[in-house]
Amino acid sequence: MVDSPHRLVEFDLNGNQKKYFGSLENFTGRNDLDDFNLSQINMGWFSSNKNRSHYAIACIFSNKIEIFNAQKEKLTMVFSGEMREYTGFELKPDIAGQSVFFGI
């Protein structure tokens, strides 16, 4: 979800939010980012193994991979390298408010 403070949200078959896991990380040190902006900087490729016991999010704009163990309901963050790194960005006005703009 792009407006949720949670990293993963589980829904029931009727589309109701059922459970929440983890939170979107603000690894920038900025305090002017809302949940939508945090979802933008934390976006990534999402996939799972065949039996759906583990899910992974490979972040696009940081050196972070998040692994969710569905059986234990545990989210683990792994960083490539010793330091947390991220692609620089600016906040720019958008129709619905501020939006993250990556100058790459």
Next item on the list: Starting from the Cα of Lys74, draw a straight line to each of the lysines and keep only those under 29 Å, dropping any in the same chain fewer than 8 residues away.
Entry: Lys18, Lys19, Lys50, Lys64
Next item on the list: Please turn the phi angles of segment 31-45 into ³J(HN,Hα) values with the Karplus equation 6.51 cos²θ - 1.76 cosθ + 1.60 (θ = phi - 60°), one per residue in order, whole Hz, x for glycine and proline.
Entry: 10, 9, 9, 8, 4, 5, 5, 5, 5, 5, 6, 9, 5, x, 7
Margin query: Less than 17 Å apart at the alpha-carbon level, and either on another chain or at least 8 residues along: which aspartates and glutamates does that give for Lys72?
Written below: Glu10
Margin query: Taking all protein chains in place and a 1.4 Å probe, what share, in percent, of the accessible surface of the chain do carbon and sulfur account for?
Written below: 53
Note to self: Given the DSSP H assignment, sum -39500 (n - 2.57) over each helix run of at least 4 residues in the chain and divide by its residue total; what's the result at 222 nm in deg cm²/dmol, nearest 500?
What the structure shows: -1500 deg cm²/dmol
Next item on the list: Calculate the dipole size of the chain relative to its Cα centre from +1 charges on Lys and Arg beta carbons and -1 charges on Asp and Glu beta carbons; express the result in debye to the nearest 20.
Entry: 480
Check: Under a plain spin-label model, where a point goes 7 Å from the Cα along Cα-to-Cβ, how far apart in nm are Gln17 and Ser53?
Finding: 3.0
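The values are calculated or read from the model by the stated rules, or taken from the named source; none is laboratory data. A quick note: this is a predicted structure, and the numbers were derived from the prediction, not measured. All Cβ positions, even for glycine, are placed from backbone atoms using ideal geometry, and neighbour counts span all protein chains on display. To get the accessible areas, we keep the full protein, side chains included, count just its heavy atoms, and leave off ligands, DNA and RNA. Shrake-Rupley method; radii C 1.70, N 1.55, O 1.52, S 1.80 Å.
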